[in-house]
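What follows is a set of notes on a single structure, which appears directly below.
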Amino acid sequence: MPRPLAPTYQDRRWELPPDAVVHHGTIDDAVRLLTGRTVTALTGAGVSTDSGIPDYRSPDSPKRAPMTYQQFVADEAFRRHYWARNHVGWQVVHRTEPNAGHRALARLEDRRVLRGVITQNVDLLHEDAGSRHVIDLHGRYDRVICLQCGRVISRAHLAERLDALNPGFVESVLDDGATVADIETAPDADAVIEQTSHFVPAPCEFCGGVLKPEIVYFGENVPRERVQRAYALVDDADALLVAGTSLTVMSGLRFVRHAAKADKPVVIVNRGETRGDPLATIKVDDGVTETLVALADRL
Ligand SMILES: [Zn+2]
């Protein structure tokens, strides 16, 4: 099934305070710290990059203006453009598979070391890898919600309706010279396509309302009930393992603050600085997949 990419993103710049102290450590240090402890994981785009999903915050990612919830709701032309790109993206974008890092976390859950995963990704790769207790903090790519009546439908069903409303659209985009490889993917399954003015988006078939991917966009809040379940999952473990996220958005960072406040050990695995580094008991600045595999082998 085609995968869209991570959802909530923004260009907000942050810098660690100049006097911030970061406790850098190795995988060995992380193993020593986590041995004998139960763990909850918090993951971001970095766990999926080895599955071929680009991390839009990495330095070499294409620059894109983030789509906001307000834009989506307020502007019909914007929505038409959005859905046209999203529809092509849905049809052609990567058929991705979980990687060894996702599988490492599933193994740790099987062995009851890991209590569960809170993920900022919408790609469902943790579920595909066999993780059972996953909180999809920012939603999931395979669902669409009606902003008026609140009904949730499957993205696959919507794809059929969009095909019926726009016969030949996807083919025409691809015939125009674009190939799957050419289509630049964006953090929400968009493929960058210019000719969208004739695209007909589908309204909710129950009430005629506006449909939106069930993904938390910039400018939207994570539903309160989901946040509470995520806090409970952090509380449920002895330690927090953060992997593959720069923690730029508060929706993830707050769980690190929560764990640190409760004096729980926090291990952050990420290539490059993260906004949570000063809160980490150990920061491992190393490849996410390799580190998760090493942890699963040794914990
Ligand atoms: Zn509706």
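At a glance:
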{"read-out": "Estimated vicinal HN-Hα couplings, Hz - segment 97-107 in sequence order (Karplus 6.51, -1.76, 1.60; Gly, Pro = x)", "value": "10, x, 10, 4, x, 4, 5, 4, 5, 5, 5"}
{"read-out": "Check: segment 27-298 dipole with +1 on Lys, Arg Cβ and -1 on Asp, Glu Cβ, in debye", "value": "1080"}
{"read-out": "Ranked 291, 38, 96, criterion: other C-beta atoms within 10 Å, fewest first", "value": "38, 96, 291"}
{"read-out": "Extended-chain gain in nm, criterion 0.36 nm per residue less alpha-carbon gap, residue 74 and residue 236", "value": "54.3 nm"}
{"read-out": "Ordering of 275-285, 163-173, 116-126 by burial proxy (mean other Cβ atoms within 10 Å per residue, highest first)", "value": "116-126, 275-285, 163-173"}
{"read-out": "Where labels lie 7 Å past Cα in the beta-carbon direction, separation of residue 298 and residue 19 in nm", "value": "3.4"}
{"read-out": "Tally of Lys pairs whose C-alpha atoms are under 30 Å apart, taken over segment 27-298, 8 or more apart or cross-chain", "value": "4"}
{"read-out": "5 Å-binned pair-distance histogram of segment 27-298 (Cα, whole percent)", "value": "1, 6, 12, 16, 17, 15, 11, 9, 6, 4, 2, 0"}
{"read-out": "Tensor-based shape of segment 232-299 (alpha-carbon gyration tensor, a/c under 1.5 rounded, otherwise prolate or oblate)", "value": "oblate"}
{"read-out": "Local electrostatic count, residue 20, Cβ distance below 12 Å [Lys/Arg +1, Asp/Glu -1]", "value": "-2"}
{"read-out": "Most to least packed among 145-158, 247-260 [average Cβ atoms within 10 Å]", "value": "247-260, 145-158"}
{"read-out": "Segment 117-161 versus segment 222-299: alpha-carbon centroid distance in Å", "value": "22"}
{"read-out": "Amide H contacts of residue 242 (H built 1.01 Å from N, under 5 Å, at least 5 apart or other chain)", "value": "42, 267, 268, 269"}
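None of the figures in this text is laboratory data; all of them are computed from the coordinates on show. The structure presented is a predicted model; accordingly, all values stated were derived computationally and were not measured. As a convention, Cβ positions derive from the backbone with ideal geometry for all residues, glycine included, and neighbour counts pool all protein chains shown.
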